[in-house]
1. Based on this model, can you work out whether Ile64 counts as touching a strand residue (DSSP E or B) at 6+ places or on another chain (Cβ under 7 Å), assigned to a loop (DSSP other than H, G, I, E, B) and either in contact (Cβ under 8 Å) with a residue 60 or more places away in the chain or among the polar types (S, T, N, Q) (or both)?
2. Working only within the stretch 69-96, note down all residues that are charged (D, E, K, R) and in contact (Cβ under 8 Å) with a residue 60 or more places away in the chain.
Amino acid sequence: MMLKKKLMIAALAFLTLAANISCSNTRKSIPIEEGWDLLGEQKVNFVRDKDVVTVYNTNKYTAIRFKVEKKDIYIKDLKVVYQNGDKLSPTMDDKVVADQYSRVIELGPEGKSIRSVDFKFRSTGNILKGRANVLIFGKRYVQPY
């Protein structure tokens, strides 16, 4: 009976430890420049990939940009869809180097509410070294006085 109780306690301790490890945050903190919000993020595949990142707030933004983590990527096509259904499709054929920001894409001085950001991209390197992660940032609109 005593052995059974010790095994139960050991199993419970193991499960508690496993739950704590699996639920811990593996994401490092990233500094966000003042005036910019993180709108979303997406892992990038090695083949041509098309993704839609939905923005879950109604704030207005005057510009967007991307930051790439781990690997370089090529952005081939970009479409910013506003809350009212209008779309902005700037010409894109840009390489964004790992741990760097893309160029700033202006949305308008009056600020726009973004519904989603659609883009086509691909990662460089090989699959064994992991995939790139793209962070999308929006520059908050500030109401003039």
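1. On the way: touching a strand residue (DSSP E or B) at 6+ places or on another chain (Cβ under 7 Å): yes; assigned to a loop (DSSP other than H, G, I, E, B): no; either in contact (Cβ under 8 Å) with a residue 60 or more places away in the chain or among the polar types (S, T, N, Q) (or both): yes.
Criteria not met by Ile64.
2. Glu69, Lys70, Lys71, Asp72
Residue by residue, here is whether (1) polar (S, T, N, Q); (2) modelled with pLDDT of 70 or more holds:
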{"residue": "Leu3", "(1), (2)": "no, no"}
{"residue": "Thr16", "(1), (2)": "yes, no"}
{"residue": "Leu39", "(1), (2)": "no, yes"}
{"residue": "Lys43", "(1), (2)": "no, yes"}
{"residue": "Asp49", "(1), (2)": "no, no"}
{"residue": "Gln83", "(1), (2)": "yes, yes"}
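The values are calculated or read from the model by the stated rules, or taken from the named source; none is laboratory data. From a predicted model like this one, the values you see are computed outputs, not experimental measurements. We place every Cβ from the backbone using ideal geometry, glycine too, and count neighbours over all the protein chains shown.
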